[in-house]
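The values are calculated or read from the model by the stated rules, or taken from the named source; none is laboratory data. Since this is a predicted model, take the numbers as computed values, not measurements. Cβ coordinates were reconstructed from backbone atoms using ideal geometry, including for glycine residues, and neighbour counts include every protein chain displayed.
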Amino acid sequence: MAERPFIWRTCMADIYAVFYPRTLHNYLENVIAPALLAIETSISDLAQSAEGWAPFALSDMEVVRCETLLASSLAVQSLWERQLRTYLQACASQLRPGDECEQQAQHTSWQKVENAFSELRQIPLSAFPSHPKLTELNLLGNVARHGGGASEKALRKLRPDFWLNPQITTPMVSLDHLRDFVAAIIAFWEDAETIYLESLDRKHENVVAELARRRAAGRWFPPVAMEGNDAGGRR
């Protein structure tokens with residue numbers, strides 16, 4: 001049997017998801033980064049101050065920096081989670097209305113959400129190259145929200161560099177870490193867009209050119225599906 005690219009059944013959710021990367025980028029660069037820059041400026045000013053109270057204020061501001069970074073990691077994780085849940089709910093309502101997948105997409109268990117993705121898109125979330133980084137982000141979000149527990153133990157194994165200072169119990173993340181997480185989310189949505197474009201039955205020449213450009217750039221494409229596999233139909 002002839003091989004063909006992996007496809008899934010397209011829906012309106014794929015179109016809406018095109019805007020998710022821009023939202024994430026703008027939130028990081030226009031909200032989080034400026035706030036952290038202001039904190040770093042205050043820390044620098046206090047470090048150079050000759051005032052007697054400056055060392056105490058400096059210590060407080062360093063705590064503010066740590067807490068702001070941790071809160072920002074939770075905000076990024078929450079935004080990613082809302083995007084994925086919204087996407088899956090829209091897929092379920094169009095592709096399998098009344099099916100349990102719609103309930104799974106709203107379930108508190110993240111594993112249920114991943115199961116819903118596999119059911120609706122016929123490819124596991126773990127197949128995407130960004131999945132390991134997104135797993136780290138989900139664990140970090142849980143730690144930021146709830147503190148120690150199973151998520152912290154799992155995250156410590158994956159990212160011991162977040163706890164280089166044994167005297168600090170909360171994970172120490174940086175703006176670069178946040179940028180890495182945002183880049184992973186954006187990569188996921190761009191990979192999902194690649195599948196969407198590949199799944200279009202009638203492709204405009206611009207779509208064909210874009211797919212060729214992504215292949216030439218070494219972008220990820222899912223493993224091919226054998227002809228005859230049920231990919232849910234095209235549009």
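The figures follow:
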read-out	value
Among the candidates 195, 168, 185, residue that is surrounded by 11 or more Cβ atoms within 10 Å (Cβ to Cβ), part of a loop (DSSP other than H, G, I, E, B), hydrophobic (A, V, I, L, M, F, W, C) and in contact with a helix residue (DSSP H, G or I) (Cβ under 9 Å, 6 or more places away or on another chain)	168
Positions within segment 122-141 being within 26 Å of residue 9 (Cβ to Cβ), assigned to a helix (DSSP H, G or I) and in contact (Cβ under 8 Å) with a residue 60 or more places away in the chain, in sequence order	127
Residue ID - surrounded by the most Cβ atoms within 10 Å (Cβ to Cβ), chosen from residues in segment 75-121 that are free of Cβ contacts under 8 Å to residues at least 12 places away in the same chain and of a type in the set (Lys, Arg)	112
Some residue of segment 147-161 being at pLDDT 95 or above, touching a helix residue (DSSP H, G or I) at 6+ places or on another chain (Cβ under 7 Å), surrounded by 11 or more Cβ atoms within 10 Å (Cβ to Cβ) and not in a helix (DSSP H, G or I)	yes
Residue list for segment 1-40, filter: closer than 13 Å to residue 68 by Cβ and not small (Gly, Ala, Ser)	31, 32, 34, 36, 37, 39, 40
Yes/no for residue 130 being surrounded by fewer than 22 Cβ atoms within 10 Å (Cβ to Cβ), in contact with a Pro (Cβ under 7 Å, 6 or more places away or on another chain) and hydroxyl-bearing (Ser, Thr, Tyr)	no
In segment 97-112, residue nearest to residue 81 (Cα to Cα) [restricted to those that are in contact with a helix residue (DSSP H, G or I) (Cβ under 7 Å, 6 or more places away or on another chain) and charged (D, E, K, R)]	112
